Amino acid sequence: MSAKTSQETAEHSGQVKFLSAAFYAGSSFLITVVNKTVLTSYRFPSYMCLGIGQMITTLVVLYAAKMNKSVQFQDFDRSILLKIFPLPLLYVGNHITGLASTKKLSLPMFTVLRKFTILMTMILEIYILRKTFPKRLVYSIVAIVFGAMVAASSDLAFDVEAYTFILLNDAFTAASSVYTKKKLGMEGLGKYGVLFYNALIIIIPTLLASAFTGDLHQAATFKDWVEATFIFCFFVSCIMGFVLMYSIVLCSYYNSALTTTVVGAIKNVAVAYIGIFVGGDYLFSWTNFLGLTICMSGGLAYTYLTFNTKPSTSNAEGAQELKIHITEDRTRTH
């Protein structure tokens, strides 16, 4: 707003961007492992009810913080629906397909196929936000996608339904990233308003869908509700659902939608290789492992190019101006 604020933002933008990205990477890694434990190790039958638990946690935490004056966001009125649309639809699609694919896929294959989110996000930013990208960045994305295709082609546990869920999840994630960045600049919403009203709008239709499909009944009659370890893992998943959504919004606030997607790729480097040894559902093959390695190498190259070419690439100046204009981001680092 003021010149002083802009100067402070510029001074600390590099550190803030990195910390918000690291926060998102850590949150994303942890929730993938926790969700995998709940849905696969304990065989919890309802990924939809797990998502409902995460939404309820988000509402309770943010409402309590608002009542305590710790955070501020606009009170509900009719304008909220117009301001936030279509984020609720994208978020619920992202949430459900993400949890479903986590349940049906091994950790390494889940993280490999999630790489297509990067390509989809770039396409959306090109055609919706009219952004341009250096050729080296595009080549690194090609390497990521190629590695993902190599790894997926030799997946010995191929499942059409699981692959459909994960690709839909990629599309929803890409669209959510782009629109979240746009909505963060809207007056009255901000980081916390986007989180709260998305969860508030989503939770009722999700509950109805869960009850109608019998999903809610399966979750209520699940035998392990008497197990303290399962209850703990379920509770941690609910907390991490809120933390993850907050970390995504925070990372999107300080970075571009594409950078937020890149952070997911960084996290995948750790998850994919750990998943080979942890989880018990990875079927090893050299072709698959080679694809993973190509994919992760491309992800690292993409990350390096993203964070090292922005400050010094003069031909990116126009794209940066376009990004700032569209998203109304307050951060100006150059």
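The values are calculated or read from the model by the stated rules, or taken from the named source; none is laboratory data. Just so you know, these numbers come straight off a predicted model, no measurement behind them. With ideal geometry, Cβ positions are generated from the backbone for all residues, glycine too; neighbour counts draw on all protein chains shown. Areas reflect the complete protein model, heavy atoms only, side chains present, ligands, DNA and RNA absent. Shrake-Rupley method; radii C 1.70, N 1.55, O 1.52, S 1.80 Å.
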Residues of the stretch 124-141 being aliphatic (A, V, I, L, M) and either part of a helix (DSSP H, G or I) or surrounded by fewer than 16 Cβ atoms within 10 Å (Cβ to Cβ) (or both), in sequence order, are 124, 126, 128, 137, 138, 141
(request) Determine whether residue 45 is over 15 Å from the mean Cα position of the chain (by Cα), open to solvent by 30 Å² or more (accessible area, probe 1.4 Å), closer than 18 Å to residue 258 by Cβ and at pLDDT 80 or above. (result) no
When the stretch 13-35 is checked residue by residue, the ones that are farther than 13 Å from residue 248 by Cα and within 16 Å of the chain's Cα centre (by Cα) are 30, 32, 33, 34, 35
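Scanning for something hydroxyl-bearing (Ser, Thr, Tyr), open to solvent by less than 20 Å² (accessible area, probe 1.4 Å) and over 17 Å from the mean Cα position of the chain (by Cα), does the stretch 94-107 turn up at least one residue?
So the first thing to find is which residues in the stretch 94-107 are hydroxyl-bearing (Ser, Thr, Tyr), and the list is 97, 101-102, 106.
Pick out the ones that are also open to solvent by less than 20 Å² (accessible area, probe 1.4 Å) and you get 97, 101-102, 106.
Remaining after also requiring over 17 Å from the mean Cα position of the chain (by Cα): 106.
The answer is yes, given that some residue of the stretch 94-107 is hydroxyl-bearing (Ser, Thr, Tyr), open to solvent by less than 20 Å² (accessible area, probe 1.4 Å) and over 17 Å from the mean Cα position of the chain (by Cα).
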Residue count, the stretch 48-79, condition in a helix (DSSP H, G or I) and within 22 Å of residue 31 (Cβ to Cβ), comes to 18
Within the stretch 25-36, the residues that are open to solvent by less than 40 Å² (accessible area, probe 1.4 Å) and out of contact with any Gly (no Cβ under 8 Å at 6 or more places or on another chain) are 26, 27, 32, 34, 35
Of the residues in the stretch 51-72, those that are of a type outside the set (Gly, Ala, Ser) and buried (at least 22 other Cβ atoms within 10 Å of the Cβ) come to 52, 54, 55, 58, 62
